[in-house]
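One structure is given here, and the rest of the page talks about it.
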Ligand code: NAD
């Protein structure tokens with residue numbers, strides 16, 4: 001259990017280094033019942049991503065991908081945001097979090113109310129036909145493994161980045177720009193090994209930002225401050241402490257040129 005003093009130290013450090021940007025990974029959705037890929041029990045312990053989740057493998061035999069992901073995609077609406085997602089949405093509403101970069105594809109940040117979100121690896125909610133490009137919204141997709149387009153019979157693919165595919169250029173550009181211009185990067189629930197997302201903490205640090213990490217174990221993100229524990233427990237505590245730190249700073253006077261945060 002992270003002591004209150006460490007949470008408060010992190011909150012004071014973040015309050016002094018706004019604007020804040022968050023980078024999240026699969027770990028933040030674990031408490032919503034969605035397993036990560038690399039941790040024990042994760043999907044890649046059972047299935048080889050080269051066989052099941054590369055674009056090459058998908059083109060060769062899309063039924064392999066759909067056989068392990070189909071059920072999950074069809075049940076997407078059953079998953080709900082946990083206190084970690086909700087805390088980040090609250091931070092945005094309070095004017096304390098400028099932007100959220102996520103590697104997740106589950107849409108739970110938006111479901112929690114986050115609006116300024118970059119989905120670096122796309123979204124499982126958007127499904128499209130590889131032949132005619134018709135769009136479907138998961139979980140409302142035709143049956144079958146692989147599911148096929150109602151209009152043309154083409155194979156459907158989620159709008160997510162499979163291994164071997166390039167990241168959406170606009171999303172990557174925005175993520176790099178956010179990391180390069182924030183005062184603090186809050187890194188939550190990522191193993192920080194999947195490139196190029198794994199480079200964002202280095203980019204932030206290289207531009208003078210503080211990096212704070214929330215995770216069950218330290219990742220190679222190289223954070224100056226590490227808060228060990230589940231995101232759904234730590235983030236609500238950090239949010240409360242951050243509000244307190246900001247109020248304290250405000251009571252001492254907002255510095256010239258600073259925008260006072262909203263809705264504290
Ligand atoms: P990862 O699976 O490589 O690592 C998960 C990380 O989360 C680990 O560092 C682990 O220690 C940490 N973690 C586990 N439970 C946690 C908790 N309760 N609180 C805080 N941290 C916790 O995940 P990654 O780094 O995001 O990279 C995996 C790739 O897999 C990404 O590309 C992502 O698109 C994809 N993915 C997404 C989802 C999702 O959308 N929910 C789920 C699985 C994988």
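The values are calculated or read from the model by the stated rules, or taken from the named source; none is laboratory data. As the structure is a prediction and not an experimental result, all values here were calculated from the model. Ideal geometry is used to build each Cβ from the backbone, glycine not excepted, and the neighbour counts take in all protein chains shown.
A few notes on this one:
- Any chance residue 86 is at pLDDT 95 or above and more than 10 Å from the ligand (Cβ to nearest atom): yes
- Of the listed requirements (1) farther than 18 Å from residue 176 by Cβ; (2) within 8 Å of the ligand (Cβ to nearest atom), residue 226 misses just one: (2).
- If you go through the range 166-203 and pick out every residue that is in contact with a strand residue (DSSP E or B) (Cβ under 9 Å, 6 or more places away or on another chain) and either in contact (Cβ under 8 Å) with a residue 40 or more places away in the chain or within 13 Å of the ligand (Cβ to nearest atom) (or both), you end up with 23.
- Remark: residue 249 falls outside the filter, which requires a residue to be free of Cβ contacts under 8 Å to residues at least 60 places away in the same chain, buried (at least 17 other Cβ atoms within 10 Å of the Cβ) and farther than 20 Å from residue 88 by Cβ.
- Helices (runs of 4 or more DSSP H) contained in the range 1-119 and holding at least 3 residues surrounded by 15 or more Cβ atoms within 10 Å (Cβ to Cβ) and assigned by TED's automatic domain parsing to the domain that holds residue 186: 4-15, 83-93, 108-112
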